[in-house]
Amino acid sequence: MKYWLFLVAKLALVVAVLRGLWWGMEQVLPEPVTIATYQLGRFGQDFYWTTAIFLFFLIGAGLVFLCFLDQRYRCRTCLRRLRMPLSTGSWDQMLQFGRPKMEYICPFGHGTLDVHQIQFSGREKDDWRKHDDDIWRELESLSESEK
Ligand SMILES: [Zn+2]
C-alpha cells in the first residue's frame, strides 16, 4: 500500500509542477491575436502557444515516465532504491544457464527484483521476490552445513 501511495504522491507532485509551468506560460506568453470580434485559439493558430504546448507535453510525459521508472526500481516494502545489480543467465548459452536477467536487491534485504533482459512474448512483468524477515538465515544454514 505504501508503495502505491508513494507513486500517487510523486504523480501529484508532477501535476503540481505542470500546473505551475502552465501558469508561468500564461504569464509569459501573450494572448492570441483578436481579429475583429474573433479571437484565435491558442493551439494550432498561434505559433508561440503551439510551441509552448508542445514543450509542455514533452516535459509532462518525461516527468511521468521518470516517476514510473523510479518506482520500478524501488523496494516494495521500504521504498528505498534497489542496489547491487547482478547480471545472471547467459546470452549465448540460454538453454544451459537460463535467460539473461538483471537482479536488484534491497539494501535491507526485503526482496529481490528480477528484470528480464530479453522478452520472448511481449512485455513481461518484473519478478519481485520477497525475502523472509531474517535474511541471514540462509547464510547461517550454509555455514552450519559446512561444519
Ligand atoms: Zn527494502
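With r defined as the distance between the Cβ atoms of ASP132 and ARG81 and R0 fixed at 25 Å, what FRET efficiency is calculated, to the nearest 0.05? Intermediate results must be reported in sequence, preceding the final value.
Values: r = 22 Å, r/R0 = 0.86.
In this case the efficiency is close to 0.70.
For the chain, give the magnitude of the charge dipole about the Cα centre (Cβ charges: +1 Lys/Arg, -1 Asp/Glu; no others), in debye to the nearest 20.
Numbers: 18 positive and 17 negative charges, 56 e Å.
Rounded to the nearest 20 debye, it is 260 debye.
Taking LEU95, LEU58, LEU79 in turn, the Gaussian network model of the chain (Cα-Cα springs below 10 Å) assigns the largest fluctuation to LEU95.
Please work out the FRET efficiency for the pair MET25 and TYR3, using the Cβ-Cβ distance as r and a Förster radius of 22 Å; give the result to the nearest 0.05.
Values: r = 33 Å, r/R0 = 1.52.
It comes to 0.05.
Using a Gaussian network model of the chain in which every pair of alpha carbons under 10 angstrom is joined by a spring, one finds that among GLY20, GLY60, GLY122 the greatest mean-square fluctuation is at GLY122.
Proximity of backbone amide H atoms, modeled 1.01 Å from N, is registered between HIS131 and GLY111, THR112 at under 5 Å, excluding neighbours fewer than 5 places apart on the same chain.
Can you list, largest first and rounded to whole Å, the semi-axes you get for the chain by taking the square root of 5 times each eigenvalue of its Cα gyration tensor?
Numbers: eigenvalues 499, 77, 18 Å².
After diagonalising the Cα gyration tensor, the semi-axes are 50, 20, 10 Å.
Once the C-beta distance of PHE120 and PHE68 is scaled by a Förster radius of 25 Å, the resulting FRET efficiency is 0.60 to the nearest 0.05. Helical runs assigned H by DSSP (4 residues or longer) give the chain a calculated mean residue ellipticity at 222 nm of -15000 deg cm²/dmol, each run adding -39500 (n - 2.57) before division by the residue total. Taking label positions 7 Å along the Cα-Cβ direction at both PHE54 and GLN39, the computed distance is 2.4 nm, reported to one decimal. Considering only THR112, THR51, THR37, the mean-square fluctuation computed in a Gaussian network model of the chain, springs between alpha carbons under 10 angstrom, is largest for THR37. Under a 5 Å amide H cut-off, with hydrogens placed 1.01 Å from N, LEU29 pairs with nothing among residues at least 5 apart or on other chains.
Derived scalar couplings between HN and Hα for region 15-24 equal 4, 5, 4, 5, 5, x, 5, 5, 4, x Hz in order, rounded to whole Hz, by the Karplus curve 6.51 cos²θ - 1.76 cosθ + 1.60 (θ = phi - 60°), x for Gly and Pro.
Evaluating 6.51 cos²θ - 1.76 cosθ + 1.60 at θ = phi - 60° for every residue in region 63-74, the Karplus couplings come out as 5, 5, 4, 5, 4, 6, 5, 5, 5, 4, 9, 10 Hz, glycine and proline recorded as x. Couplings 3J(HN,Hα) of region 95-103, computed from phi: 6, 8, 10, x, 5, x, 8, 10, 10 Hz, in residue order, whole Hz [Karplus 6.51 cos²θ - 1.76 cosθ + 1.60, θ = phi - 60°; x for Gly and Pro].
Every number in this text was worked out from the coordinates using simple rules, so none of it is lab data. Only a predicted model underlies this, so the values are computations on that prediction, with no experimental measurement involved. Reconstructed Cβ throughout: ideal geometry from the backbone, glycine too, with neighbour counts over all protein chains shown.
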